[in-house]
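All remarks here apply to the structure that follows.
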Amino acid sequence: MIRLRLALTLFATLLTNSQAIADYQKGDFIVRVGAAAVAPNDDSDNLRLNGTILPDTRVYVDTGYSVSFTGTWLFANHWGLELLAALPFKHDLKVSGLPDPNTGEPLGRVRLGDIKHLPPTLMLQWYPVCTESWVQPYIGVGVNYTHFFSEHINRVAQNYFETVLGAESRARLKLDNSWGLAGEVGIDVAFGRESRWLFNAAIWYLDIDTKAKIHFHSGADDSSHIRVNVDIDPFVYSLGIGYHF
């Protein structure tokens, strides 16, 4: 009888410890790393050349890929704070509707250049399960800051500016940094009841609105600029692994 009680006690202790590994509780931390794709749900105004609207023109932002990192601190049962970071994402930019220099007809999509950005995002998360499960879904809302850099005009666009618009200098592209709201849904699945390693899948929506400006000299004393408001508003998809401690 004593041995049976000892065995039952040991079994209960192991079970309790095993559950504690999978459970998410106040004070826990979760770190995750994943392959991420930023897929813009993009739109833009018509381009303006020195204040004059170029009708039927717009900018397109292609999908960019990189590696994402997140860290979550559970400050209470069911509630966490997450910081999203990443290696830089690179996106190709295209523009449509510019007049063909030979026929005057609107051109289709042509390459404009490329940009890089970093999208640090702070999220307030809710874990509805939190304890007693090795499958942990969650949702979150928060704020995103997007920093644009390494903006570049490609050779095709530069040739167009020189031929059609009389550019006499290298065109320069600049995008304003952006603040916006963010939302996410995700799920963590532990590799086993006794494992702290987990598989993660997550989707974010980021409100990214920016103003783009292209500047070049078109004469000794003349300066030209093209301005456009661009809504990038991407969905960010991530698949990766994490560790809970």
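The values are calculated or read from the model by the stated rules, or taken from the named source; none is laboratory data. Keep in mind that what you see is a predicted model, and the values were worked out from it rather than measured. All Cβ positions, glycine included, derive from the backbone under ideal geometry; neighbour counts span all protein chains shown. Quick note on the areas: whole protein, heavy atoms, side chains included, nothing else; ligands and nucleic acids left out. Shrake-Rupley method; radii C 1.70, N 1.55, O 1.52, S 1.80 Å.
What pairs come up if the first residue lies in region 223-238 and is part of a strand (DSSP E or B), the second is hydrophobic (A, V, I, L, M, F, W, C) and open to solvent by 50 Å² or more (accessible area, probe 1.4 Å), and their beta carbons are under 6 Å apart, counting only those six or more places apart or on different chains? Cβ pairs passing all conditions: Tyr237/Ile203. Looking across region 186-212, the residues that are among the charged types (D, E, K, R), modelled with pLDDT of 95 or more and open to solvent by 40 Å² or more (accessible area, probe 1.4 Å) come down to Asp207, Asp209, Lys211. Count of region 197-219 residues, restricted to those that are in contact (Cβ under 8 Å) with a residue 40 or more places away in the chain, under 30 Å from Leu165 (Cβ atoms) and not hydroxyl-bearing (Ser, Thr, Tyr), is 8.
Within region 47-101, being among the acidic types (Asp, Glu) and at pLDDT below 95 holds for Asp56, Asp100. Applying the criterion of being open to solvent by 60 Å² or more (accessible area, probe 1.4 Å) and in a loop (DSSP other than H, G, I, E, B) to the residues of region 89-111, the residue that is nearest to Val230 (Cα to Cα) is Arg109. Going residue by residue through region 50-58, is there one that turns out to be assigned to a strand (DSSP E or B), open to solvent by 70 Å² or more (accessible area, probe 1.4 Å), among the charged types (D, E, K, R) and over 26 Å from Ala36 (Cα atoms)? Within region 50-58, none of the residues are assigned to a strand (DSSP E or B), open to solvent by 70 Å² or more (accessible area, probe 1.4 Å), among the charged types (D, E, K, R) and over 26 Å from Ala36 (Cα atoms).
For the structure I just gave you, tell me whether Gly183 is surrounded by fewer than 18 Cβ atoms within 10 Å (Cβ to Cβ) and assigned to a loop (DSSP other than H, G, I, E, B).
no
Checking region 125-134 against the condition returns a match, with at least one residue being at pLDDT 95 or above, part of a strand (DSSP E or B) and either open to solvent by 70 Å² or more (accessible area, probe 1.4 Å) or not aliphatic (A, V, I, L, M) (or both). Taking Phe148, is it aromatic (Phe, Trp, Tyr), part of a helix (DSSP H, G or I), surrounded by 15 or more Cβ atoms within 10 Å (Cβ to Cβ) and touching a residue at least 24 places away in the same chain (Cβ under 8 Å)? Spelling it out, it is not the case that Phe148 is aromatic (Phe, Trp, Tyr), part of a helix (DSSP H, G or I), surrounded by 15 or more Cβ atoms within 10 Å (Cβ to Cβ) and touching a residue at least 24 places away in the same chain (Cβ under 8 Å).
Here Ser169 fits the description: farther than 19 Å from Thr57 by Cα and of a type in the set (Ser, Thr, Tyr). Within region 2-21, can one find any residue that is assigned to a loop (DSSP other than H, G, I, E, B) and either modelled with pLDDT under 95 or among the aliphatic types (A, V, I, L, M) (or both)? Checked against the condition, which is being assigned to a loop (DSSP other than H, G, I, E, B) and either modelled with pLDDT under 95 or among the aliphatic types (A, V, I, L, M) (or both), region 2-21 yields no hits at all.
Applying a threshold of 6 Å to beta carbon distances and a minimum spacing of six or more residues, or different chains, the list of pairs starting in region 160-173 at a residue that is assigned to a strand (DSSP E or B) and ending at one that is at pLDDT 90 or above reads Arg172/His215; Leu173/Gly113; Leu173/Glu151; Leu173/Ile153; Leu173/Ile214.
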